[in-house]
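Okay, so here's the structure we're looking at.
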Amino acid sequence: MITVKLVGGAKKSFSTDKLQIEKSDITIAELVDLLLQLKPDDSPKLDTENVLVAVNGVDSSAMDGKSTIIKNNDVVSIIPVIHGGASKKMLYKVSSKQIHIVQIKGQKSIDVKFLDVLRKKYPKIILQAVSSEFVLNGSHLKKILSLSLESQKNDVLLSNKLETDILMRFALTKQISAAIASAGIKTKTDFILVAIGNKTNLDSLYKELSSQCVPLFSKNNEEFLKKSFKISKKQLDSVYSKTPLEDILVEKAAVLL
């Protein structure tokens with residue numbers, strides 16, 4: 001048996017917050033197809049292309065994606081990814097962690113002190129900024145964050161702070177100073193702001209920053225990332241995947257220890 005927890009809009013689609021599925025050893029893709037068959041015809045649509053699926057609290061994008069096998073007694077959470085403000089923010093959960101992602105337009109007046117000010121103002125929010133050039137797309141971002149959160153859970157962070165671990169994994173370096181220099185905030189360069197906290201504080205933060213936000217992941221960073229991390233066509237061709245560059249970046253980030 002599989003327990004399916006439904007969050008937010010997914011709960012409205014099924015008029016319940018939990019389903020018991022009398023199956024096991026099926027993929028996430030098969031489970032999603034089954035859920036669509038079970039959904040009442042007169043309930044709100046479930047957009048399966050914009051949901052985060054977690055298995056026992058772990059984001060499936062950090063596992064085998066839609067091919068992840070769900071076993072007997074597993075708990076699967078279906079969490080709609082909320083896009084708002086013309087894709088200027090992304091909200092989702094990993095286990096009990098609320099994560100809020102925005103992209104801030106690079107300005108001459110914004111530097112590393114920007115984070116220091118926000119951290120003092122919002123001490124209950126974990127904050128990190130990553131140069132947008134180092135983020136391939138939303139899936140890449142979520143997989144790296146899942147790696148860092150799982151490392152925190154298992155007490156194997158690359159540094160003593162979760163936010164530093166996040167930056168180091170995007171920069172693919174075990175040197176904190178190198179991570180800040182390469183993937184940290186730079187003037188006149190857009191950056192992704194990662195915020196982890198409770199909904200009330202995250203809403204207050206977004207309200208303050210909304211005028212500086214621009215659409216997420218609007219620039220194609222593939223060539224920059226391949227050049228920065230010396231990823232060759234031969235390496236990409238050797239990966240049997242629809243997203244070889246993303247997979248290589250995540251694998252490199254996972255083996256930094």
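Values computed for the structure shown
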| read-out | value |
| --- | --- |
| With Cα atoms, 0 to 90° folded angle of helix 199-209 axis to the chain main axis | 40 |
| Cross-link pairs Lys93/Lys219; Lys120/Lys188; Lys188/Lys230; Lys89/Lys230; Lys97/Lys153; Lys93/Lys226 - those with Cα-Cα distance over 21 Å | Lys93/Lys219; Lys120/Lys188; Lys188/Lys230; Lys89/Lys230; Lys93/Lys226 |
| Among Leu209, Leu141, Leu172, residue whose mean-square fluctuation peaks in a GNM of the chain (springs only between Cα atoms under 10 Å) | Leu209 |
| Mean ellipticity per residue at 222 nm, deg cm²/dmol - from DSSP H runs of n ≥ 4 across the chain, formula -39500 (n - 2.57) | -10500 deg cm²/dmol |
| Projected label distance in nm at Lys113 and Ser67, using a 7 Å step from Cα toward the beta-carbon | 5.0 |
| Sorted by Cβ neighbour density within 10 Å, fewest at the top, the residues Met168, Met1 | Met1, Met168 |
| Distance (nanometres) between label positions extended 7 Å along Cα→Cβ at Ala29 and Ser204 | 4.5 |
| Fully extended contour minus Cα-Cα distance, from Ser211 to Leu236, at 0.36 nm per residue | 5.2 nm |
| Loop-located trypsin sites (Lys or Arg not before Pro) in region 35-79, at most 10 other Cβ atoms within 10 Å (DSSP) | Lys45 |
| Order of Val130, Val214 - criterion: other Cβ atoms within 10 Å of each residue's Cβ, fewest first | Val214, Val130 |
| D_trans [Stokes-Einstein, Kirkwood Rh over alpha-carbon pairs] for the chain, 25 °C, 0.890 mPa s, µm² s⁻¹ | 127 |
| Anisotropy class of region 2-80 from Cα gyration tensor, a/c 1.5 cut | prolate |
| Rel. contact order, % - alpha carbon contacts under 8 angstrom, at least six apart, the chain | 20 |
| Full-extension gain in nm, Ser43 to Thr3, via 0.36 nm per residue minus C-alpha separation | 12.3 nm |
| Among Ser131, Ser228, Ser109: highest mean-square fluctuation, GNM of the chain, C-alpha pairs under 10 Å | Ser109 |
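Read-outs: derived from the displayed coordinates by stated rules, not from any lab. What you see is a predicted model; the values in this text were computed from it and never measured. FYI the Cβ positions are ideal-geometry reconstructions off the backbone, even for glycines, and counts take in every protein chain you see.
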